[in-house]
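A short worksheet on the structure shown next.
The values are calculated or read from the model by the stated rules, or taken from the named source; none is laboratory data. Remember, it's a predicted structure, so these values are computed and weren't measured experimentally. When we count neighbours, we look across all protein chains shown, and the Cβ atoms used for this are built from the backbone with ideal geometry, even at glycine. These area figures cover heavy atoms from the full protein model, side chains too; ligands, DNA and RNA do not enter into them. Shrake-Rupley method; radii C 1.70, N 1.55, O 1.52, S 1.80 Å.
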Amino acid sequence: CPAFLTVQCDNPDARLWVDGTGPVDCDGAAMTILPGAHVVEAKLGVEKRREELTLASMETRTLALTFLPAGSTAPTPTIVVAPAAETGRRFRAGAMLAVVASGSADISADTSFQEAQSQSADDETAIGVNLFGGFRLSGGLVLGASIWHFPSYKLKVSGQDALDDKTTHTDLNALAVYEFLDGPIVPFASLEVGFSTIDVPDLKDPFTGFNAGIGGGARYHFTPNVAVGIDLHFSYYSVTTALEVAESDFTGDGDVSFSTETEFSLTGTRTLVNLGATFAF
């Protein structure tokens, strides 16, 4: 998260440099800069002023620089502010309420004896949780991991529930987020990819596969450590499971029973709305 610095000079003709970048007018305009240690220098003719300071995320600081009055020859001492302890908040963690706004899936069954059969289904509204954590690298890049969990996940096929109320859908993902640092309101974009599982109580083995998604939103920091935010997330998933199905056939020698393996697959997309809090450490 950024910091905010205002430098005020008692002479409007002074020129200003911040971390070697400049010169600009020392006109008291607020500057948005990254948190950490900074060097501020100002010049007026042959006079120079230099300050070292450290700013924390979301900190607001005003720095006043004075120069010799016109016609004065007495030196004005330069006051150096000792750097404070590094307070950059690099770890991110969040807890969000996730709502399936819309979605659809293709359900197919494929056996070695029959043609593959498929049908389409729509997501019913489901509420789950999204937990994530990550480490902010240089700039606004955050790398980490996320969990999406829907304890009651339902797909509706032709007016009937294909998956019952006890079906769960869980994604375990690697996460990359880019934060656009711009004051208390921080827009961001996200990319996720990872492992998906859908557990249906009537099936012996769960559906397993992969998912990938993109998203974007914004957070508002009402303290340096705590923010609230909202975002939209679009995901694609593809999962499969195998089930042995008993078959029988009547021949002249009697009733013959055998079993065959059927592969069921789910391929779908979802639109999710996320609302919750983010914590920085």
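Key figures
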read-out	value
Condition broken by residue 140, with the remaining ones in (1) at pLDDT below 90; (2) more than 16 Å from the chain's Cα centre (by Cα) satisfied	(2)
One residue from 37, 42, 29 being of a type in the set (Gly, Ala, Ser) and either open to solvent by less than 30 Å² (accessible area, probe 1.4 Å) or in a loop (DSSP other than H, G, I, E, B) (or both)	42
Looking only at region 2-26, and only at residues there that are outside any strand (DSSP E or B) and open to solvent by 20 Å² or more (accessible area, probe 1.4 Å), the one that is nearest to residue 90 (Cα to Cα)	19
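One line per residue, one yes/no per condition, for (1) in contact with a Gly (Cβ under 6 Å, 6 or more places away or on another chain); (2) part of a strand (DSSP E or B):
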site	(1), (2)
166	no, no
169	no, yes
174	yes, yes
177	no, yes
193	no, yes
203	no, no
223	no, no
228	no, yes
